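Down below is the structure, laid out as structure tokens.
The values are calculated or read from the model by the stated rules, or taken from the named source; none is laboratory data. Everything numeric here is computed off the predicted structure, so don't read it as measured data. So basically every Cβ, Gly included, is an ideal-geometry build from the backbone, and we count neighbours across all protein chains shown.
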Amino acid sequence: MHTIVQVDQYIINSAEFAIPILDHLRNLIHKADARIEEKIKWGMPFFDFKGTVCHMASFKNHCAFGFWKGSLMKDEYSIFKERSNAMGLLGKITSFNDLPPDEILIAYIQQAIQLNEDNIKLPPKPKSTEKKELILPDYFIEALNEAPQAMAVFQNFSLSNKKDYVLWLEEAKTEATRLKRLDTTLEWLAEGKTRMWKYKK
């Protein structure tokens with residue numbers, strides 16, 4: 001089992017409810033295939049074999065788990081939730097009751113590994129030419145509700161400043177990138193910063 005201390009530390013530093021859940025997910029991943037290696041990317045644990053297989057993250061009130069190539073996977077047991085409902089393909093994970101049976105999750109992990117072994121790649125995301133309306137994604141609303149200071153700043157921003165953040169989140173090519181951008185967004189908002197604050201004199 002290829003484990004690293006950085007993932008140990010990530011789990012230990014998570015909310016108390018999340019620690020056993022993250023430990024369990026980690027063990028299942030390695031049980032699915034002993035060749036999987038751990039990495040920390042964008043501040044969260046990633047699990048790789050011939051490319052990224054899956055990743056997990058913890059938040060204040062829930063955990064998230066996702067497959068890098070989830071859009072290419074067969075969801076035979078209907079365990080994938082709508083992306084808009086939470087940060088991961090399994091939805092908000094607040095307890096073991098929110099997880100599918102171990103044998104099913106292991107089978108999905110092995111399916112994700114097979115995609116990498118077969119060198120099947122994600123299709124490029126098409127660029128939209130349509131003008132985008134400002135619609136706040138559900139996952140962003142949920143995150144703001146858990147961060148009142150960031151919410152207060154965001155509500156007082158101009159429409160253009162709000163759009164900057166929403167488009168940045170929505171244009172993320174992968175779920176992991178979106179998670180990282182969401183974390184950065186909440187941090188910057190709490191500090192009263194606009195999306196483009198680095199470029200303003």
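Within the range 176-194, the set of residues being of a type in the set (Lys, Arg) and more than 15 Å from the chain's Cα centre (by Cα) comprises just one member, Lys193. Within the range 184-198, the only residue that satisfies the criterion of being buried (at least 21 other Cβ atoms within 10 Å of the Cβ) and part of a loop (DSSP other than H, G, I, E, B) is Arg195. Among the residues of the range 4-51, just one is surrounded by 14 or more Cβ atoms within 10 Å (Cβ to Cβ) and of a type in the set (S, T, N, Q), namely Ser14.
Applying the set (1) at pLDDT 90 or above; (2) in contact with a Cys (Cβ under 9 Å, 6 or more places away or on another chain); (3) surrounded by fewer than 19 Cβ atoms within 10 Å (Cβ to Cβ) to Lys92 leaves exactly one unmet item: (1).
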